[in-house]
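Have a look at the structure below before the remarks.
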Amino acid sequence: MQALSTASSELPICLDGVSVDIGGTAILRNVSLSIAHGAPTVLIGPNGSGKTTLLRAAMGLVRPVSGVISWGGRIDVPPLRRALVFQRPLMLRRSVADNLRYALAVAGVPAARRDARVAQLLELVGLSELAERPAPRLSGGERQRLALARALAREPDVLFLDEPTASLDPAATQGIEELVRTVSARGVKLVMATHDLGEAARLAGDVVLLHKGAVVESGPVAQVLHNPVTEGARRFIAGQLLL
Amino acid sequence: MNSCRTKTGRLGLLLGVALVAMSAVAAEDRSIVVASTTSTQDSGLFGYLLPRVQARTGITVKVVAQGTGQALETARRGDADVVFVHDVEAEERFVAEGHGLARHPVMYNDFVLVGPAADPAGVRGKDIVRALQAIRQGMFPFVSRGDRSGTNQAELRLWKAAGMDVNPAVDRWYRAVGQGMGPALNIAVASDAYVLSDRATWISFRNKNGFVVLVQGDSRLFNQYSLILVNPAKHPDTKAALGQKFIDFLLSPEGQRDIASYQLEGQQLFHPNAGPGSR
Amino acid sequence: MTGGESALGLVFSGDPALFAIVRLSLAVSLGATLLAAVVGAPLGAMIALSRFRGRQAIVVALNALMGLPPVVIGLAVYLLLSRSGPLGSLGLLFTPAAMVVTQTILVLPIIAALTRQIVEDLWLEYRDELAAMGVGPLRRVRTLLWDARFSLVTALLAGFGRAAAEVGSIIIVGGNIEGFTRTMTTTIALETSKGNLPLAMGLGMILLFIVLAVNVAAWGVKQFGTRFEH
């Protein structure tokens, strides 16, 4: 699998009037959104607002019932250069290093190069000392780091993260956020969902506020968080429940 | 990473191929399949005889021990090279059908009627027909093999000779078990029933539990064993040459001596009678 | 001398006939279990991971096949391998190979059905992540089989148990020939029918011991595997 050396073919990701149904219930309603190169895009909103589903749709895991999703102007692009880190990432029942080797194998990296890449990635996410530990034995923060390393094994252009720090303590959260910054600095586009407005403030370039499957407001972080335009956004930022 | 799965797979495949190969190789060397009766096996005769056959002729004999009826059926399917059974009528039919070349009488023993030492039907003696009549009249429990074996056919002929009809469905004292001599004896001993057995199996039977031989010596209890080579014209895969060699050995003076020399508990079990003049 | 003493006496005196019987029993049962695993485990996994019309019927049929009456299989294999049967020219009747074939047929549905269940349960956990990673169907099967390896030991054990216990069908296809196709179970049947109950019981104890040992080994393997559980 050759890496495309030209500008990323995944971006921009354009959702055009996208609606997604799951089990008969409308989760996303008529969402139009553009995700472009640059600083991380952060999705915020209450539980059930559709953040996870939006990430999955942008990842290409869910087909919309109406509307079009395109990647770099093309539709139906297989997720070769995209990766998704789930909220509770699956740990394969093997060692940490073997989890990474697996991801590299799936990504088509030749066997001879895998060991070197594994060492690099473990170093990047700070798991070098735990290389031989059975992955299911990792703590929450360590799991997120492994999942991140697995995702990066594919050298993605776009990395989706679904509430990576939701169940972590502050120390672990800080570790993940630093990692996120590092990865973003390397040129990987990040699209991240979070509960934590502070985290959005710390990490985002652009913020998208979702409520009941629709975009309430989107724009640069400073604007949405400090000078929201819409009533809904203002109430959400103020800490009120959106019903 | 998936090496364990593939290793298991390779191992399993290897084992399977090895077993097939082993069987194929074994089929090429000097072995024959002899379909015989449970009485010849259970009495220990084959255990005694076959090593001698191997030593003298180099033939490895694989004995499949079934009832006479099943043994002849196996041979009809071409799955055996030689039959070694004891039911004259069935054997003659087998040869007449073209499945076997000829009957070669090889040895005989006799049947005995065994039962509880107390002998409630009072059959003790030398007259088998009178004994069967007494059992039927008194409706004393009687176990029959009921499996188309040579012993079973002999038993049915004796009932006919006694002028009696037995119907397992109606005569509850008559129990047809559909199994070999060993299980039939087990069942008879456990339910205090009379049973007709070949002497050899009875002597070697380990679970007598107080049962004794009650009727013996009647000429009608004579039990002839014969060898038949399966007809290679009808079953081309038959190992005719080796099979004939096996038969020739058992019919030879040396083979006949070996049969006679087999003893269990100090008794000679089988009497060689190959050659002209035997039935 | 009781059966236990006489059987154990044979073991300690290194009776070659007894060892040959035990060796054959293990070879046939283990061989059949491994063959059935090689075919049945991937089959079960593939059924677990695929969606097609009639799949539910296949799952039900597979579960039902676990209850195949062994003696019927024995008869069917006998008719197939008999010289007058379609596969007669293979010359496999009354050989250990025929016994392996019969037992493999018996054990295959067990391993396939149990594997299907195990893999399907694991798939619920794995589906999202593997889809996100873009893992293809063939690799999915391999991944799940490997990650479920310790649970699959249980399935293999169930298959082995069934194979080791089998008597009737292997007498039919093997002929219970002394020195060639006699296993522990068929010898026990034979000695019992000869009224030689003490010896039969002694052999039974040895068989029980072997089955117990295999179970303990499998338990050990599963214990080792828990280090990979949450």
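Values in this text are rule-based calculations from the coordinates and carry no lab data. These numbers come from a predicted model, not from an experiment. Here the Cβ positions follow ideal geometry from the backbone for every residue, glycine too, while neighbour counts run over all protein chains shown.
Taking other residues whose beta carbon is less than 10 angstrom from the beta carbon of A:S34, and scoring Lys, Arg as +1 and Asp, Glu as -1, yields -2. Here the 3J(HN,Hα) profile of segment B:250-255, calculated from phi with Karplus coefficients 6.51, -1.76 and 1.60 at θ = phi - 60°, is 5, 7, 6, x, 5, x Hz, Gly and Pro shown as x.
At a 10 Å Cβ-Cβ cut-off, how would you order B:H271, A:H211, fewest neighbours first?
Numbers: B:H271 13, A:H211 21.
The order, fewest Cβ neighbours first, is B:H271, A:H211.
Which of the trypsin sites (Lys or Arg not before Pro) found in segment A:137-195 are loop residues per DSSP with 15 or fewer other Cβ atoms within 10 Å of their Cβ? Sites meeting the loop and neighbour criteria: A:R186.
Let me check I've understood the local charge: for B:A176, count other residues with C-beta under 15 angstrom from its C-beta, Lys and Arg +1, Asp and Glu -1. What total comes out? Don't skip to the answer; put the middle values down first.
Working: positive: B:R136, B:R145, B:R148, B:R172, B:R175; negative: B:D147, B:E155, B:D165, B:D171.
Summing Lys/Arg as +1 and Asp/Glu as -1 gives +1.
Tell me, how many Å apart are the Cα centres for segment B:153-230 and for segment C:149-212? Computed from Cα coordinates, the inter-centre distance equals 29 Å. Computed about its Cα centre, the charge dipole of segment C:3-223 is approximately 620 debye, with only Lys, Arg, Asp and Glu carrying charge at their Cβ.
Residue-wise HN-Hα couplings along segment B:193-207, as the Karplus relation 6.51 cos²θ - 1.76 cosθ + 1.60 with θ = phi - 60° gives them from phi, are 10, 7, 8, 8, 9, 6, 4, 4, 4, 5, 4, 8, 6, 9, 10 Hz; Gly and Pro carry x.
As a proxy for reagent exposure, C:T185, B:T37, A:T173 were ordered by neighbouring Cβ count within 10 angstrom, fewest first; the result is A:T173, C:T185, B:T37. When only the Cβ of Lys, Arg, Asp and Glu is charged (+1, +1, -1, -1), the dipole of the protein assembly as shown relative to its Cα centre reaches about 820 debye. When GluC sites (Glu not before Pro) are flagged only if DSSP places them in a loop and at most 16 other Cβ atoms lie within 10 Å, the longest unflagged stretch of chain B comes out as B:98-264. Rounded to the nearest 10 degrees, the angle from helix C:197-225 to the longest Cα principal axis of chain C is 20 degrees.
Applied to segment B:104-113, the Karplus parametrisation 6.51 cos²θ - 1.76 cosθ + 1.60 on θ = phi - 60° returns per-residue 3J(HN,Hα) values of 10, x, 10, 6, 9, 9, 10, 8, 9, 9 Hz, with x for Gly and Pro.
222 nm [θ] for chain A, helices only, -39500 (n - 2.57) per DSSP H run of 4+, per residue, to 500?
Details: 8 runs with 85 residues, N = 243.
The helix-only estimate for chain A comes to -10500 deg cm²/dmol at 222 nm.
By the count of other C-beta atoms within 10 Å, a proxy for reagent exposure, C:V119, A:V221 are ordered fewest to most as A:V221, C:V119.
When DSSP assigns beta bridges and you keep just the ones with both residues in the protein assembly as shown, what percent turn out antiparallel, to the nearest 5? Could the numbers behind the result be given before it?
On the way: 44 of 75 bridges.
Roughly 60 percent of the beta bridges in the protein assembly as shown run antiparallel, per DSSP.
In the protein assembly as shown, taking the dipole from charged Cβ atoms about the Cα centre, the farthest positive-side position among B:V123, C:G195, A:A214 is held by A:A214. Working note: 222 nm ellipticity from helices only, DSSP H runs with n ≥ 4, each -39,500 (n - 2.57), summed and divided by the residues of chain B, gives -13500 deg cm²/dmol to the nearest 500.
In this model, which of B:K160/B:K208; B:K62/B:K126; B:K126/B:K245; B:K126/C:K194; C:K194/C:K222; B:K160/B:K239 are farther than 30 Å apart at the alpha-carbon?
Numbers: B:K160/B:K208 28 Å; B:K62/B:K126 38 Å; B:K126/B:K245 39 Å; B:K126/C:K194 27 Å; C:K194/C:K222 42 Å; B:K160/B:K239 39 Å.
Over 30 Å Cα-Cα: B:K62/B:K126; B:K126/B:K245; C:K194/C:K222; B:K160/B:K239.
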